[in-house]
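Engineer: Attaching a single structure in structure tokens format; questions to follow.
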């Protein structure tokens, strides 16, 4: 059960992440803020996906190829016979290693996030407010449009500027950066952009989505791409207040600084420094970000992820033609013999009589027995152990009973009356009717929403197998009608 749920969430989350990543690549010529909005929509889709999968009713989509239906009926007969002959022993619950491995990976990602938050809390608690007048003046001027308090703290453990929190928001800088007031405008502009855009909250949501889908490589790519585009969006907003050359020099000064896993930092690794500096110095005009488009992308997440969460891929049923007159025939419930009759049938031995040779007897008997067994299996409720043994004994006794040859007469069971055996064409047509009725019963059971999906698919396969057998017998009956 856990493995099936993880597989379903795996391919659905991979599809959601792939769509978000492809949409971000399609917006390469647009501002980074629009790409961030698309990637955030993908993160929100990942967070909503498990809840919607568990809440929404399943909508079956038959896209998988159907398995062979011809072996479905013998397999079910074998399972039923094994369950009657062998008592089922209680199975002791074991350890679900798949669930344990999944929880272990999720716990590791959450533990890493918890360690980062603990370090941020510790550094913030021991930090002191800045005393440099230039930094305080630049912060007051940049935070004036915001309606939330913003603190600027200095910590000796900080190697690169960081921002965290919502209200109040906190900007952490190190003592070495504080002694460079010429970099105050670039640092404050970048970190204020993070605070205004709520990047720290979006980063936490991305880490939670990564903990849920840590085994999906597309989820890791989505989170890494979101972090990179978030920094580019903050750079583009900071360049509205700072010159490009000064901002590039500040990025070079903080390159390779130690960041933290649970905060939005200005630091850039040496590997990505050249690309980021080149993007900062690129003065090519870009189309402005559309707030309406960003709001539409985020607001349309439930509408886009709900159909994907409700979709359940199943096998395509095998279609077979059943006449309309057979669908209108009522299906009465089979009568169950009383317990004393069943016990008598079990105890009474049946004499074995020699079978008269006939060119058509064996095939018609097998078709009739298969139709009766399928009809009884389709309409009867799950039998108890005693009833199953009685039914099995009755089937053995009927199989041992002599079958008259063509033109012979045999007395019916329990009476001395004589009746004539029906011609082979009529027997085949009667078997065709019984097989089609049994196929309809299996098909009706397959539409029961209370049954599990695999059992319903098994009913569909058995119904298709019975319908194919009925068509084959009907063709043989028509051929024999021309002969006789």
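The values are calculated or read from the model by the stated rules, or taken from the named source; none is laboratory data. Bear in mind the structure is a predicted one, so any value in this text is a computation, not a measurement. Cβ placement follows ideal geometry from the backbone for every residue including glycine, while neighbour counts extend to all protein chains displayed.
Engineer: What is the one condition in (1) farther than 30 Å from residue 47 by Cα; (2) modelled with pLDDT under 90; (3) surrounded by fewer than 15 Cβ atoms within 10 Å (Cβ to Cβ) that residue 128 does not satisfy?
Structural biologist: The number of the failed condition is (2).
Engineer: Next up: Can you tell me which residue among 434, 445 is crowded, with 18+ Cβ neighbours inside 10 Å, modelled with pLDDT of 80 or more, closer than 30 Å to residue 312 by Cβ and under 46 Å from the mean Cα position of the chain (by Cα)?
Structural biologist: Only one candidate passes the filter, namely 445.
Engineer: Just checking, which of 29, 18, 24, 42 is in contact with a helix residue (DSSP H, G or I) (Cβ under 9 Å, 6 or more places away or on another chain) and more than 20 Å from residue 309 (Cα to Cα)?
Structural biologist: After ruling out the rest, the residue left standing is 24.
Engineer: Shifting gears a bit: Tell me, which residue of the stretch 204-227 that is without any contact (Cβ under 8 Å) to a residue 24 or more places away in the chain and within 18 Å of residue 12 (Cβ to Cβ) is surrounded by the most Cβ atoms within 10 Å (Cβ to Cβ)?
Structural biologist: Within the stretch 204-227, the match that is surrounded by the most Cβ atoms within 10 Å (Cβ to Cβ) is 220.
Engineer: Is one or more of the residues making up the stretch 137-154 farther than 27 Å from residue 40 by Cα, at pLDDT below 90 and surrounded by 15 or more Cβ atoms within 10 Å (Cβ to Cβ)?
Structural biologist: no
For every residue, the table says whether it meets (1) in the same structural domain as residue 219 (by TED's automatic domain parsing); (2) buried (at least 23 other Cβ atoms within 10 Å of the Cβ); (3) farther than 24 Å from residue 198 by Cα.
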site	(1), (2), (3)
6	yes, no, yes
14	yes, no, yes
21	yes, no, no
30	yes, no, no
43	yes, yes, no
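Engineer: Please go through the stretch 434-484 and pick out each residue that is touching a residue at least 12 places away in the same chain (Cβ under 8 Å) and in contact with a strand residue (DSSP E or B) (Cβ under 9 Å, 6 or more places away or on another chain).
Structural biologist: 453, 457, 460, 461
Engineer: Name every residue in the stretch 27-40 that is more than 27 Å from the chain's Cα centre (by Cα) and not in a loop (DSSP other than H, G, I, E, B), in order of residue number.
Structural biologist: Within the stretch 27-40, 32, 33, 34 meet the criteria.
Engineer: Moving on. Let me spell it out: the conditions are (1) loosely packed, with under 14 Cβ neighbours inside 10 Å; (2) modelled with pLDDT of 80 or more; (3) part of a loop (DSSP other than H, G, I, E, B), and residue 258 meets all of them except one. Which number is the exception?
Structural biologist: (2)
Engineer: Just give me the residues in the stretch 159-176 being surrounded by fewer than 24 Cβ atoms within 10 Å (Cβ to Cβ) and under 18 Å from residue 252 (Cβ atoms), in sequence order.
Structural biologist: Result: 159, 160, 174, 176.
Engineer: Considering only residues that are assigned to a strand (DSSP E or B) and under 20 Å from residue 241 (Cα atoms), look in the stretch 152-172 and name the one that is farthest from the chain's Cα centre (by Cα).
Structural biologist: Ranking the candidates gives 152 first.
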